[in-house]
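Down below is the structure, laid out as structure tokens.
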Amino acid sequence: MVSSPTARLGRIFIHLFMLLIVSLCIIPLMAVFSTSLTSESDIAQHGYSLIPLRPDTTGYELVLKNPQTLLRAYGVSILTTLVGTLVGIVVGALCAWPLSRPDYPHRKKLAFFVMFTMLFNGGLIPTYLVTANLLQLKDNILVLILPYLANAWFIFLLRTFFQTIPMSLVEAARIDGADEFLTFRKVVVPLATPALATVALFYSLQYWNDWYLALLYINTESLVPLQYLLSRMMSNLDFISQNVSAMPAGVNMSSLPRESARMAMCLLAIGPMLFVFGYFQKYFVRGITLGAVKG
Amino acid sequence: MSLPAILLFLLFNYLPMGGIILAFKDFRYDLGILASDWVGWSNFEFFFTSQDAWLILRNTIGLNLIFLAVGLTLSVFVALLLNELRGNRLVKTYQTIMFFPYFLSWVVVSYAFYAFLSTRSGILNQLFHVLGLESVSWYTEAHYWPFILTFAAVWKGLGYWTVIFYAALIAIDQDYYEAAAIDGAGKLRVVLSVTLPMLLPIILVMALLQVGRILNADFGLFWFLPMQVGMLYETTQVIDTYVYRALSVTGDVGIGAATSLFQSTVGLLLIWGANLLVRRVHRESALF
């Protein structure tokens with residue numbers, strides 16, 4: 001295709017503008033990365049920078065010398081993400097399937113019941129009192145999982161996917177003598193695997209990035225998930241000081257890599273999952289384009 | 001089949017809805033929700049006559065409107081640009097990178113922003129220093145925060161919103177473009193007379209649904225980025241952070257519950273109204 005000089009110039013400008021936008025998207029994380037690799041004295045002297053001029057790993061060493069806190073938080077986050085996603089997708093799919101069936105008599109009522117949770121809520125305080133006092137879930141690992149299992153948005157997203165499954169297949173299964181659960185397992189689930197994977201990713205992103213439930217309900221150290229650990233480290237540096245004993249003898253307190261250790265912790269916490277979610281991005285994109293409006 | 005979901009919704013959504021009676025009570029922990037004394041509308045009166053009320057409502061509604069206006073404009077603009085580049089390998093790369101902030105939690109974002117805004121060693125102040133400008137104490141000066149918060153909100157949501165509009169652009173029938181080309185329309189003319197009008201329904205639907213949630217602030221954004229600095233409350237305190245503080249710091253449980261109930265009720269009316277309008281614009285996009 002031949003393009004005129006003006007059209008080519010236009011495209012160059014578009015690329016330049018996009019370059020600006022995407023740089024703005026990654027620069028903040030470059031700052032975190034660079035700081036994690038800068039020594040405390042360099043930070044004190046020159047401040048944070050976008051490129052580590054003299055790479056220094058003492059921040060990482062400090063965190064990894066005494067990794068129990070980080071590992072435990074990883075454990076909590078992995079456990080809640082795995083269990084939450086698996087159970088969530090089952091709960092969601094089982095609710096979405098009848099909703100997608102035109103022959104289900106209570107479809108409208110059920111849809112309203114689910115929908116209403118998106119439109120109105122009791123607010124933070126009643127929710128807190130019910131969860132903490134009535135259900136007695138404070139400082140229980142279940143409190144990091146249960147509240148997010150049933151999610152109206154995910155259920156409607158799944159319903160949209162399920163509606164593309166031809167009813168004739170379901171009827172064929174019924175004629176062959178399969179009951180509802182068997183049909184669901186043998187016919188619907190295999191056909192809807194990509195859809196289930198998409199929603200599973202949304203579930204796992206929600207669980208992995210959650211600090212809110214921990215902020216409200218968790219006081220026990222052993223139940224602190226990663227994101228909440230990070231949020232607490234932001235407001236106090238006690239965690240770093242607790243690790244001081246792990247530092248080699250002769251290290252000057254003032255050169256203790258507090259700032260870089262904090263940023264190193266942040267990167268160690270988000271790094272692996274960032275790659276995972278990035279890898280599966282196309283599933284997120286599909287989920288968003290399909291369910292955007294209802295979200 | 002739906003029983004597990006129904007049960008969970010009952011426990012974590014419907015049961016707390018019953019708790020809204022708290023808004024009309026003088027809550028005491030030792031008595032619990034049911035046994036606390038009724039106080040009528042006084043919790044609401046207290047909130048609306050306090051000097052906080054105006055500030056919080058202004059921040060919540062004002063900032064949400066700014067986020068919406070800036071976010072929509074920029075993402076539609078970026079989607080249009082990407083549409084011009086369609087077929088180029090880089091489009092995918094751009095989208096991937098723009099999507100990146102979507103995967104971060106507000107906690108992590110607050111770390112990244114701190115690296116820029118820290119008074120002593122932040123990158124922005126270093127830049128100011130090089131340019132010969134006075135350094136700014138970002139975390140104590142409230143009037144900068146509407147800009148910072150808007151930047152953060154738009155930054156995090158850009159990839160998500162662009163995906164929506166770009167998908168809508170791709171769905172536009174090529175015949176329209178061909179017809180426009182035959183009529184001799186220039187690039188700008190095509191965008192103004194074909195692309196934007198075709199995109200308008202989805203833009204409108206998105207905007208309306210967001211307006212329906214105008215009273216709901218993104219708690220993480222307003223909680224972590226300003227680092228709960230009291231001097232910034234003037235521009236960073238919103239309904240959601242106010243209610244959380246009522247529960248965890250100040251202990252004004254009844255007032256907090258009343259504020260929430262106000263938020264939920266007005267929110268319900270707004271989303272219902274927005275939905276009515278959406279049904280007129282684009283039937284299939286309506287929530288109900």
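The values are calculated or read from the model by the stated rules, or taken from the named source; none is laboratory data. Computed from a predicted structure; not experimentally measured. Note that each Cβ is placed from the backbone with ideal geometry, even for glycine, and that neighbours are counted across all protein chains shown. Note: accessible area is taken over every heavy atom of the protein model, side chains too, but ligands, DNA and RNA are not part of it. Shrake-Rupley method; radii C 1.70, N 1.55, O 1.52, S 1.80 Å.
Ordering B:GLY32, B:THR195, B:VAL107 by Cα displacement along the dipole of the protein assembly as shown toward the positive end leaves B:THR195 in first place; charges were set at the Cβ atoms of Lys, Arg (+1) and Asp, Glu (-1). In plain terms, the chain from A:GLN163 to A:GLN68 could stretch by 29.5 nm, reckoned as 0.36 nm per residue minus the Cα-Cα distance. Computing FRET efficiency as 1/(1 + (r/R0)^6) for B:VAL136 and A:LEU82, where r is the C-beta to C-beta distance and R0 is 56 Å, gives about 0.80.
The largest accessible area among B:TRP38, B:TRP106 belongs to the first residue in B:TRP38, B:TRP106, and the rest follow in falling order (1.4 Å probe, all chains). The shape of the protein assembly as shown comes out rounded: with a ≥ b ≥ c from the C-alpha gyration tensor, a/c is under 1.5.
Accessible surface area normalised per residue over chain A is 46 Å², counting heavy atoms of protein chains with a 1.4 Å rolling probe.
Extending 7 Å from Cα along the Cβ direction at B:LEU3 and again at B:LEU31 yields two label points whose distance is 3.9 nm.
Summary value for region A:68-217: 42 percent relative contact order, contacts being C-alpha pairs under 8 angstrom separated by 6+ residues. A Gaussian network model of chain B, with springs between Cα atoms under 10 Å, assigns the largest mean-square fluctuation among B:GLN95, B:GLN237, B:GLN51 to B:GLN51.
For region B:9-99, trypsin sites (Lys or Arg not before Pro) are listed when DSSP marks them as loop and at most 11 other Cβ atoms sit within 10 Å of their Cβ; the list is B:ARG86. Using the Cβ of B:SER105 as centre and a radius below 14 Å, the other residues enclosed give a net charge of 0, where K and R count +1 and D and E count -1. Against the criterion of solvent-accessible heavy-atom surface with a 1.4 angstrom probe, B:GLU141, A:GLU171 sort, most first, into A:GLU171, B:GLU141. The alpha carbon centroids of region A:53-112 and region A:178-240 are separated by 2 Å. Under 5 Å between amide hydrogens, built in the peptide plane, is the criterion, and for A:GLY122 it picks out B:MET17 among residues at least 5 positions away or on other chains. May I ask you to derive the FRET efficiency for A:LEU16 and B:GLN51 from their Cβ-Cβ distance with R0 = 60 Å, giving the value to the nearest 0.05? Rounded to the nearest 0.05, the efficiency is 0.80. Taking each DSSP H run with n ≥ 4 as -39500 (n - 2.57) and averaging over every residue of chain B yields -20500 deg cm²/dmol at 222 nm. When only Cα pairs below 8 angstrom with a gap of at least 6 residues are kept, chain A shows a relative contact order of 32 percent. Taking Cα centre as origin and charging only the Cβ of basic (Lys, Arg, +1) and acidic (Asp, Glu, -1) residues, the dipole magnitude of chain A rounds to 860 debye.
In terms of its C-alpha gyration tensor, chain A comes out oblate, because a/c is 1.5 or above while a/b does not outweigh b/c. Charges were assigned to the Cβ only: +1 to each Lys and Arg, -1 to each Asp and Glu. The resulting dipole of chain B about its Cα centre is roughly 560 debye.
Gain on full extension, evaluated as 0.36 nm per residue between A:LEU142 and A:ARG232 minus their Cα-Cα distance, stands at 30.3 nm.
Checking the a/c ratio against 1.5 first, then a/b against b/c, what shape does the Cα gyration tensor give for chain B? Verdict is oblate for chain B. With a 1.4 Å probe rolled over the protein heavy atoms of all chains, the accessible area of B:GLU284, A:GLU221, A:GLU259, A:GLU180 falls in the order B:GLU284, A:GLU221, A:GLU180, A:GLU259, largest first.
Along the axis of the charge dipole computed for region A:68-217 (Cβ charges of +1 for Lys and Arg, -1 for Asp and Glu, origin at the Cα centre), the listed residues A:LEU201, A:ILE89, A:HIS106 are led at the positive end by A:HIS106. Here the extension length gained between A:ALA197 and A:LYS108 equals 29.4 nm, from 0.36 nm per residue of separation less the Cα-Cα distance.
Taking all protein chains together and rolling a 1.4 Å probe, A:SER41 ends up with roughly 70 Å² accessible.
Taking a quarter of the surface of the Cα convex hull of region A:1-67 gives a mean projected area of 7.5 nm². Hull volume per residue, based on the alpha-carbon atoms of region B:120-167 and their convex hull, is 101 Å³. Ellipticity at 222 nm from helices only: DSSP H runs of n ≥ 4 in chain A, each -39500 (n - 2.57), divided by the residue count, give -21000 deg cm²/dmol.
Around the Cα centre of the protein assembly as shown, unit charges on the Cβ atoms of Lys, Arg, Asp and Glu (plus for the first two, minus for the last two) sum to a dipole of about 1220 debye. Cross-link reach is defined here as a Cα-Cα straight distance under 30 Å, omitting same-chain residues fewer than 8 places apart; for A:LYS186 the lysines meeting it are A:LYS108, A:LYS109, A:LYS282, A:LYS294.
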